[in-house]
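Here's the structure we're looking at; comments come further down.
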Amino acid sequence: TNLSLLTADKRIAKEVAFYFDILASEKETVIEYKDIIAGKGFTAEIVKLIEHERIKCSEGRIFIKVQNLTSKIITDKLISAAKDGVKINLLISGMNAIDPKKCNNNIQIKSISGRYEENSKVYLFGSSKDERIYISSADLTEDSLKNNNLAVKIKDEHVLKRIKEILYLYYRDNVDSRIIGNGARYIPYNAPPKKISVYDSLSEETDELRESIAHLLHK
């Protein structure tokens, strides 16, 4: 289930190469890139993306898939956005520092622990023409954000569609899922009669998989 990028996009390649040059030179440089998020300004750029959605209030959308979410800066900004009406979906396989009950129920948190190690990180902000999706190496913890992490914007329509299909499958899983309940504790998902496993779905290329666009990301 890990996501990686192989691209011939010249602008992305130049920005990544420039970033690696900065790492090699050990300069304390903060650069504002177009298609990647990297370096010392990583956390600030994520905060800007959250704030961009916050000002939209109920029209704002955020969907994040990470292993752990414990960074106080990020969690505070997400809680603030949710209180202003932004709809936020979080897929977290490890530690979580957000209590959705304090966010006007605008944050939905699900944990899936199944047969694979959940390493992939995906950040989605906005919807329709204002939609931005990144795949990243960065977990949203204080320690991870201090490292030299990288997030790359996905622009190819076919790849965007595929990533949203995968996120949708995670969102509807009711076999290996846990959700945040009372007391901010994870409880088993109240599964309907039909059991749906993200891992079974990912291993079967069905018509439903090809056609299932993440409606929650567009409504």
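The values are calculated or read from the model by the stated rules, or taken from the named source; none is laboratory data. What you see is a predicted model, and the numbers here were worked out from it, not measured in a lab. So basically every Cβ, Gly included, is an ideal-geometry build from the backbone, and we count neighbours across all protein chains shown. We work out accessible area using only protein heavy atoms, side chains counted, and drop any ligands, DNA or RNA first. Shrake-Rupley method; radii C 1.70, N 1.55, O 1.52, S 1.80 Å.
Checked across the range 155-167, the condition of being at pLDDT 80 or above, within 17 Å of the chain's Cα centre (by Cα) and not in a helix (DSSP H, G or I) holds for at least one residue. Here G85 meets each of (1) out of contact with any strand residue (DSSP E or B) (no Cβ under 7 Å at 6 or more places or on another chain); (2) open to solvent by less than 20 Å² (accessible area, probe 1.4 Å); (3) over 24 Å from I55 (Cα atoms); (4) at pLDDT 90 or above with one exception, condition (3). Would you confirm whether any residue within the range 62-79 is within 27 Å of R172 (Cβ to Cβ), in contact (Cβ under 8 Å) with a residue 40 or more places away in the chain and basic (K, R)? Looking for residues that are within 27 Å of R172 (Cβ to Cβ), in contact (Cβ under 8 Å) with a residue 40 or more places away in the chain and basic (K, R), one finds at least one in the range 62-79, hence yes.
For the range 195-216, the criterion of being under 28 Å from M95 (Cβ atoms) and at pLDDT below 65 is met by at least one residue.
Here's the yes/no breakdown for (1) touching a Gly at 6+ places or on another chain (Cβ under 6 Å); (2) among the hydrophobic types (A, V, I, L, M, F, W, C):
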site	(1), (2)
I46	no, yes
K65	no, no
N68	yes, no
I73	no, yes
K83	no, no
V86	yes, yes
I107	no, yes
